[in-house]
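A.B. asks: Here it is, the structure, as structure tokens.
All of the numbers you see were taken from the coordinates with simple rules; none came from a lab. Every value quoted in this text rests on a predicted model; they were computed, and no experiment measured them.
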Amino acid sequence: MTDASNVRTGGCLCGRIRYECAGEPVFSLLCHCRDCQRQSGSGYIAAARMPASGFRIAQGEPKRYVGRSDSGNEITRVFCGECSSPLYVQVSTRPDLIGLRVTSLDDPSWFRPDANIFTKSAQPWDRLDPAVPAYPTYPEGQAYPGPKA
Ligand SMILES: [Zn+2]
Ligand SMILES: [Zn+2]
């Protein structure tokens, strides 16, 4: 089923975790939320929402940190326990998607962001590309559904 040409490979800094990711992004974003800033140690992160069905860990056993978003969803952040490189996130209400950290790919150069999101917490020293639409939180239709009451 999987066409080798659309399988992208990636992994963590120390090389213990390797993955394969098939399929195309459904939403490509630069996230400026405080959680992403804290976790990355940077002003924002580049992520692509990819079909979870096309993703598999090819080597190693990543660690998981389960946190909660403002909307109350559980967010599982998956990373290497040895070198701490972030790999992807998964939101409890959309198990069909993963938010891949594109800079963990062996070749992240193809990535084209659709949007800057959570610019309400973008840092004043950061320079956003004016050609990429900016949203205080999510653009219409891209927020994750909240947890069922
Ligand atoms: Zn590692
Ligand atoms: Zn974020």
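A.B. asks: Full-extension gain between residue 123 and residue 96, please, as 0.36 nm times their residue separation minus the C-alpha to C-alpha distance. Could you put the intermediate results ahead of the total?
C.D. replies: Numbers: separation 27, 0.36 × 27 = 9.72 nm, distance 3.12 nm.
Full extension from residue 123 to residue 96 adds 6.6 nm.
A.B. asks: How much length is gained if the chain between residue 26 and residue 111 is pulled fully straight, taking 0.36 nm per residue apart and subtracting their Cα-Cα distance, in nm to one decimal? Write down the numbers at each step before the final one.
C.D. replies: On the way: separation 85, 0.36 × 85 = 30.60 nm, distance 1.20 nm.
Here the segment from residue 26 to residue 111 would lengthen by 29.4 nm.
A.B. asks: Also: Please state the Cα pair-distance histogram of the chain with 5 angstrom bins from zero: what percent is in each bin?
C.D. replies: 2, 9, 19, 23, 21, 16, 8, 2, 0, 0
A.B. asks: Ratio of alpha-carbon Rg to the 2.2 N^0.38 Å globular estimate for region 48-93, to two decimals, please.
C.D. replies: Numbers: Rg = 11.4 Å, N = 46, 2.2 N^0.38 = 9.4 Å.
The reported ratio for this selection is 1.21.
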